[in-house]
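Colleague: Here it is, the structure, as structure tokens.
The values are calculated or read from the model by the stated rules, or taken from the named source; none is laboratory data. Since we're looking at a predicted model, the values are computed, not measured. Don't worry about glycine lacking a Cβ; one is built from the backbone with ideal geometry, like all the others, and counts go over all protein chains shown. Remember, those area values only see protein heavy atoms, side chains included, never the ligands or the DNA or RNA. Shrake-Rupley method; radii C 1.70, N 1.55, O 1.52, S 1.80 Å.
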Amino acid sequence: MVRGLLCVALLFVTVTARAETWPVKDWAMGTPLNGPAVDALDAYAFPPRDDTSREGIRTDALLVIRDGEIIYERYAAPTTASTPHLTWSVSKSLMATVLGVAYGENRFKLSDPVARFYSPMNQHPKVTMADLLHWASGLDWQEDYEYAPLKSSVVAMLYTRGRGDMAEFAASTDAAAAPGQAFRYSSGDSNILSAALKGMLGHKAYMSYPWDALFKPLGIRNATWETDADETFVASSYAYLTARNLARVGLLMAREGRWGEQQLLPKEWVAFNRQPFDKYKSGQDEAVPGGQWWLNTGAPKPWPDAPADTFAALGHWGQALFVLPDEHLVIVRYGDDRDGSYRHNELLKRVLAAVQP
């Protein structure tokens with residue numbers, strides 16, 4: 001009897017180990033999705049495309065990973081599986097992930113004042129690393145693009161008077177609230193984080209750090225991250241990855257910072273990323289902020305048709321990396337949406353319907 005139970009236990013361990021698939025050179029291909037629910041997903045994500053008016057839902061790439069295997073993948077020309085796509089503000093969550101490696105190397109604490117690593121923040125000496133990660137620096141930042149470009153802090157930072165040194169431009173912003181007391185979405189906060197990382201590492205090590213710390217360990221061989229004129233990575237906006245490569249970051253986060261046998265990110269860092277910022281007020285943004293990631297928590301949930309443990313990296317014009325840990329799903333969606341007709345919840349609902357047995 002004991003021998004029989006031992007055999008069952010060993011079989012269970014073997015099956016469990018086989019179920020945990022990791023992409024090495026490339027992703028394994030699982031059983032492709034099919035059926036009416038997949039047709040409904042295709043119809044929503046890839047309707048007839050009008051490249052003249054740029055109206056409607058305009059998906060460039062949609063990739064669904066389950067248990068480490070590709071089960072759905074589709075692209076719209078000119079994007080292909082080998083195209084590094086602009087991620088826009090998904091870059092913020094990528095920088096948070098890079099910072100997670102630095103955190104695991106004991107290069108900083110969440111309670112550290114940012115000015116310790118980046119001197120232009122001496123004018124805001126009480127702002128901590130955690131404050132920036134929560135978009136809660138207290139700086140008077142205006143994150144408007146098309147709707148109020150003349151008053152937009154982010155437009156000025158990326159394209160006009162701040163583009164030479166984006167972090168310094170953000171750090172020069174006046175305070176509007178006490179640090180850590182109010183959520184205010186800010187690309188400036190994210191770029192100050194990037195400059196703080198450079199201060200921790202020194203310029204030479206910093207220039208290769210995203211690759212050394214994150215991309216190479218994950219097997220990402222094709223990534224671009226633009227810098228400003230001061231050679232600081234534009235953490236707010238300008239990382240480019242293929243859908244398959246971005247999904248590797250999602251799988252890392254789905255498995256609590258572990259990549260194969262290596263604990264690349266401390267579990268406590270991933271837990272921090274997924275912990276809601278307690279000063280956030282319902283309705284301030286599309287989803288609830290964690291540590292530069294977005295969470296499907298609260299009442300009502302931001303994405304009501306998705307599980308409560310869903311979290312995401314989101315970007316302008318419909319870019320998204322969704323992680324659904326309990327469902328063992330990672331979803332990458334790239335797009336070029338201009339008129340607001342696309343909805344994350346609708347995509348999630350249709351993906352979840354398509355993956356049901």
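Residues are listed down the side, and each one gets a yes or a no for (1) in contact (Cβ under 8 Å) with a residue 24 or more places away in the chain; (2) among the hydrophobic types (A, V, I, L, M, F, W, C); (3) closer than 23 Å to Arg66 by Cβ; (4) open to solvent by less than 10 Å² (accessible area, probe 1.4 Å):
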position: Gln262; (1), (2), (3), (4): yes, no, yes, no
position: Gln275; (1), (2), (3), (4): no, no, no, no
position: Phe311; (1), (2), (3), (4): yes, yes, yes, yes
position: Leu352; (1), (2), (3), (4): yes, yes, yes, no
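Colleague: So which of Leu197, Leu252 ends up being under 21 Å from Asp131 (Cβ atoms) and not in a loop (DSSP other than H, G, I, E, B)?
Modeller: Leu197
Colleague: Filter segment 37-94 down to the residues that are in a loop (DSSP other than H, G, I, E, B) and under 21 Å from Pro357 (Cβ atoms) and list them by number. Quick ask: steps written out before the conclusion?
Modeller: Initial filter on segment 37-94 (in a loop (DSSP other than H, G, I, E, B)): 46-58, 67-68, 76-84, 87-89.
Passing the criteria: Asp67, Gly68.
Colleague: Being over 20 Å from the mean Cα position of the chain (by Cα) and on the phi > 0 side of the Ramachandran plot is true for just one of Gly162, Gly199, Gly138. Which residue is that?
Modeller: Numbers: Gly162 fails: on the phi > 0 side of the Ramachandran plot; Gly199 fails: on the phi > 0 side of the Ramachandran plot.
After ruling out the rest, the residue left standing is Gly138.
Colleague: Okay, next question. Going through segment 328-339 one residue at a time, which ones are open to solvent by less than 40 Å² (accessible area, probe 1.4 Å) and more than 18 Å from Phe311 (Cα to Cα)?
Modeller: Gly335, Asp336, Asp337
Colleague: Output yes when any residue across segment 158-174 is open to solvent by 40 Å² or more (accessible area, probe 1.4 Å), touching a residue at least 60 places away in the same chain (Cβ under 8 Å) and not in a loop (DSSP other than H, G, I, E, B), and no when none is.
Modeller: yes
Colleague: Anything in segment 203-232 that is under 26 Å from Gln262 (Cα atoms) and open to solvent by less than 30 Å² (accessible area, probe 1.4 Å)? List them, or say none.
Modeller: Scanning segment 203-232 gives Tyr206, Tyr209, Pro210, Ala213, Leu214, Phe215, Leu218, Gly219, Ile220, Ala223, Trp225.
Colleague: Any residue at all in segment 286-294 that is within 28 Å of Val154 (Cβ to Cβ), of a type in the set (Val, Ile, Thr), outside any strand (DSSP E or B) and at pLDDT 95 or above?
Modeller: no
Colleague: Among the residues of segment 171-187, are any touching a helix residue (DSSP H, G or I) at 6+ places or on another chain (Cβ under 6 Å) and farther than 26 Å from Gly290 by Cβ?
Modeller: No: segment 171-187 contains no residue that is touching a helix residue (DSSP H, G or I) at 6+ places or on another chain (Cβ under 6 Å) and farther than 26 Å from Gly290 by Cβ.
Colleague: While we're looking at this one, here's another question. Can you tell me how many residues within segment 79-118 are touching a residue at least 12 places away in the same chain (Cβ under 8 Å), surrounded by fewer than 20 Cβ atoms within 10 Å (Cβ to Cβ) and of a type in the set (S, T, N, Q)?
Modeller: Matching residues across segment 79-118 total 4.
Colleague: From the list Tyr342, Tyr334, Tyr280, exactly one residue is outside any loop (DSSP other than H, G, I, E, B) and among the hydroxyl-bearing types (Ser, Thr, Tyr). Which is it?
Modeller: When all the criteria are applied, what remains is Tyr334.
Yes or no, residue by residue, for (1) within 18 Å of the chain's Cα centre (by Cα); (2) closer than 25 Å to Lys109 by Cβ:
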| residue | (1), (2) |
| --- | --- |
| Ser236 | yes, yes |
| Leu241 | yes, no |
| Met253 | yes, yes |
| Gly260 | no, no |
| Glu268 | yes, yes |
| Ala271 | yes, yes |
| Gln275 | yes, yes |
| Pro304 | no, no |
